[in-house]
1. Answer yes or no as to whether residue 96 is out of contact with any helix residue (DSSP H, G or I) (no Cβ under 6 Å at 6 or more places or on another chain), closer than 28 Å to residue 163 by Cβ, modelled with pLDDT of 95 or more and basic (Lys, Arg).
2. Among the residues of segment 184-191, are any closer than 29 Å to residue 54 by Cβ and touching a residue at least 12 places away in the same chain (Cβ under 8 Å)?
3. Kindly establish whether residue 63 is outside any strand (DSSP E or B), hydroxyl-bearing (Ser, Thr, Tyr) and at pLDDT 90 or above.
4. Contact list please: Cβ distance under 9 Å, first residue in segment 249-268 and under 16 Å from residue 160 (Cα atoms), second residue among the hydroxyl-bearing types (Ser, Thr, Tyr) and outside any helix (DSSP H, G or I), pairs at least six apart or on different chains.
5. Can you pull out the residues in segment 169-183 that are touching a residue at least 40 places away in the same chain (Cβ under 8 Å) and of a type in the set (Gly, Ala, Ser)?
6. Residue 14 - would you say it is outside any helix (DSSP H, G or I), touching a helix residue (DSSP H, G or I) at 6+ places or on another chain (Cβ under 8 Å) and either modelled with pLDDT of 55 or more or surrounded by 14 or more Cβ atoms within 10 Å (Cβ to Cβ) (or both)?
7. So if I check each of 110, 168, 128, which one is at pLDDT below 95, on the phi < 0 side of the Ramachandran plot and surrounded by fewer than 20 Cβ atoms within 10 Å (Cβ to Cβ)?
8. Sort out for me the helices (runs of 4 or more DSSP H) sitting completely within segment 162-257 that have 2 or more residues that are farther than 26 Å from residue 280 by Cβ and polar (S, T, N, Q).
Amino acid sequence: MRIFARFLTLLAFAFVAACGQEPPTPQPEHGPAIWRVQRGALDGWIFGTIHVLPKGIAWQTRTFGEAIQQADRLVLEAADLQNPQKTLALFEKMGRSPDLPPLEARIPPADRDALEQIVAGGGTSTQALAGYESWAAAMLLSAATQQSLHVSQDNGVEPALIAAFKSAGKPIDGLETVERQFAAFDTLPEAAQRRLLVQTVHEAKDMRALYDRILNAWMKGDMAAIAKEDQIGDQPDPLVEEAVLIARNRDWAKAIEPMTGRPFIAVGAGHLTGTDNLIDLLKAKGFSITRLQ
């Protein structure tokens, strides 16, 4: 399982600035995956997002623009993504613990030089990260590796969506809370958290090529290519897969089931492909799902 791919397309723990976004110039036809979802009094859309992007990427197609114009509300993974101060405060509260072992002691000796390179390149240090639990340190290391990619969560999909729906005076809801997102990691056993940390270190050296492949696949709506990236590298940890992906997908399907109206539902693209993905779970509940682009 590509941990970096998960953070890009699956977990919106985004520390985003949710205002002042100028929308990129729309492109005519091809773009990120969008589905129409219908059942009973629900007639809405599901859109697969990527959480960090370079500045100026044009991903908003005509189909996307028409959908958000017709939608009556935005439904994100977590509505409180609009409040970055709350998100950061929760991360600090849930991600820190006293008397933790040094960060370098939580990974094999053979990986410690690579760890030092990541933290140095990201402008931090292992000492600064030592107070974080292993899952939180893995997230911060992933964020540190993004420094060299010149990508930002400020340029990601969620801030642009939030700005568009706020400008239109439409409400913004969530399928869960940021606290629930963090809890998926925070409740993992320490052994699973350390495997997550080691995988993050392993993937750092190939980050540029991996990100470019994911971005290219996302821009074309190539869900098969995104799914393929998720299977490269270390094998999925069953505990992480269940907590971070499968259990949350099940919860989201339950949250969508009673919805009515015309929601525009935006979740990480990694939730929309692979085993027990959100699309298949909704189909199993009797929803009609039609791919639009």
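The values are calculated or read from the model by the stated rules, or taken from the named source; none is laboratory data. The shown structure was predicted, so the numbers you read here are calculated from the model rather than taken from an experiment. All Cβ positions, glycine included, derive from the backbone under ideal geometry; neighbour counts span all protein chains shown.
1. no
2. Residues of segment 184-191 that are closer than 29 Å to residue 54 by Cβ, as a first pass: 184-185.
From what's left, touching a residue at least 12 places away in the same chain (Cβ under 8 Å): 184-185.
Yes, there is a match, as at least one residue in segment 184-191 is closer than 29 Å to residue 54 by Cβ and touching a residue at least 12 places away in the same chain (Cβ under 8 Å).
3. Values: outside any strand (DSSP E or B): yes; hydroxyl-bearing (Ser, Thr, Tyr): yes; at pLDDT 90 or above: yes.
Spelling it out, residue 63 is indeed outside any strand (DSSP E or B), hydroxyl-bearing (Ser, Thr, Tyr) and at pLDDT 90 or above.
4. Every condition considered, the pairs that remain are 266/49; 267/49; 268/49.
5. Residues of segment 169-183 that are touching a residue at least 40 places away in the same chain (Cβ under 8 Å), as a first pass: 170-183.
174, 183, listed by residue number.
6. Values: outside any helix (DSSP H, G or I): yes; touching a helix residue (DSSP H, G or I) at 6+ places or on another chain (Cβ under 8 Å): yes; either modelled with pLDDT of 55 or more or surrounded by 14 or more Cβ atoms within 10 Å (Cβ to Cβ) (or both): yes.
So residue 14 passes the test.
7. Details: 110 fails: at pLDDT below 95; 168 fails: at pLDDT below 95.
Of 110, 168, 128, the one residue that is at pLDDT below 95, on the phi < 0 side of the Ramachandran plot and surrounded by fewer than 20 Cβ atoms within 10 Å (Cβ to Cβ) is 128.
8. Of the helices (runs of 4 or more DSSP H) lying wholly inside segment 162-257, those with at least 2 residues that are farther than 26 Å from residue 280 by Cβ and polar (S, T, N, Q) span 190-203.
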